[in-house]
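See below for the structure under consideration.
The values are calculated or read from the model by the stated rules, or taken from the named source; none is laboratory data. Bear in mind that the values here come from a model prediction, so they are computed numbers and not experimental data. Neighbour counts run over all protein chains shown; Cβ positions are idealised from the backbone, glycine included. With ligands, DNA and RNA removed, areas are computed over all heavy atoms of the protein, side chains included. Shrake-Rupley method; radii C 1.70, N 1.55, O 1.52, S 1.80 Å.
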Amino acid sequence: TGGGKTVNPIPQVYASDTTAFEFDQNWRNAVVNLFCTDRYGGGLSSGSGVIIDPRGIILTNAHVAIDFLFQDWPNPSLSECVVRVGSPAAPAYKASLVYFPAGYVYDTVTAVAGAGDENFVYGKDDYAILVITGPSTEQVKAQTVFPYMPLAYDPPAVNTPVYLLGYASEYASYETLQRNLYQLASPGAVNSLRQIQGSGKIDAIAFNGNIV
């Protein structure tokens, strides 16, 4: 939205289209790997995000970004987090949290504290926003404009062809996550549009099982 006018720069592709849905290599550049290591226990976490603004604004899940909450607290920090790019993923940028839903923190803490998993609504408030603050090492060139994928404001119709991109890491080994995590891209189609419990609006786009 700008100057009172709403724009949607992403072309909408519907199932009724007869033209082939071609993969755009530029999409890869907007997808990043959010990687955090535990300074003390040696644990690590890995997830995907997408740059949605040329200033380096990253949209991801709260459960992926939660370690970024602790990279600056306590002192010394618990976690060291970086934004990685490329294939295999390599450290490129540092990032800080811009927004993390308080509701996600509350629901997670109360579930852990004994309220019970049956009261936890999966997907609710599970988003976070980060911003790139600079290069992760002196070898990485500083930049102020980043490749990005602008948000689409309308959900795609069921059966719309899509490509899913990300750094699939749930079943990867420790060694793979550190040194050989490749970005994957796979075609798919929208299976359904769904509501998260109690929301009353479309919150989730569902797909069939996919390697990404």
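Before moving on, here are some points about what is shown:
- Candidate set from segment 20-40 (those that are assigned to a loop (DSSP other than H, G, I, E, B) and of a type in the set (Asp, Glu)); member that is nearest to Pro150 (Cα to Cα): Asp24
- Total residues in segment 187-212 satisfying the condition of being without any contact (Cβ under 8 Å) to a residue 12 or more places away in the chain and of a type outside the set (Gly, Ala, Ser): the figure is 2.
- Number of positions in segment 168-190 that are of a type in the set (A, V, I, L, M, F, W, C) and open to solvent by 70 Å² or more (accessible area, probe 1.4 Å): 0
- Within segment 89-131, being in a loop (DSSP other than H, G, I, E, B), at pLDDT below 95 and in contact with a strand residue (DSSP E or B) (Cβ under 9 Å, 6 or more places away or on another chain) holds for Phe100, Pro101, Gly123, Tyr127.
- Note on segment 187-212: residues that are of a type in the set (Gly, Ala, Ser), within 16 Å of the chain's Cα centre (by Cα) and more than 18 Å from Tyr127 (Cα to Cα) amount to 0.
- Residue satisfying condition, being assigned to a loop (DSSP other than H, G, I, E, B) and under 16 Å from Leu34 (Cβ atoms), within set Tyr148, Tyr153: Tyr148
- Selected residue (only one of Gln12, Gln71 is open to solvent by less than 40 Å² (accessible area, probe 1.4 Å), more than 13 Å from the chain's Cα centre (by Cα), of a type outside the set (Val, Ile, Thr) and at pLDDT below 95): Gln71
- Condition check for Gly166: touching a residue at least 60 places away in the same chain (Cβ under 8 Å) and either in contact with a helix residue (DSSP H, G or I) (Cβ under 6 Å, 6 or more places away or on another chain) or within 25 Å of Glu80 (Cβ to Cβ) (or both): yes
- Single residue of Leu193, Leu165 found to be open to solvent by less than 70 Å² (accessible area, probe 1.4 Å), within 20 Å of Leu130 (Cβ to Cβ) and of a type outside the set (Gly, Ala, Ser): Leu165
- Look at (1) surrounded by fewer than 16 Cβ atoms within 10 Å (Cβ to Cβ); (2) closer than 30 Å to Pro88 by Cβ; (3) out of contact with any Pro (no Cβ under 6 Å at 6 or more places or on another chain) and you find that Leu130 fails only one, number (1).
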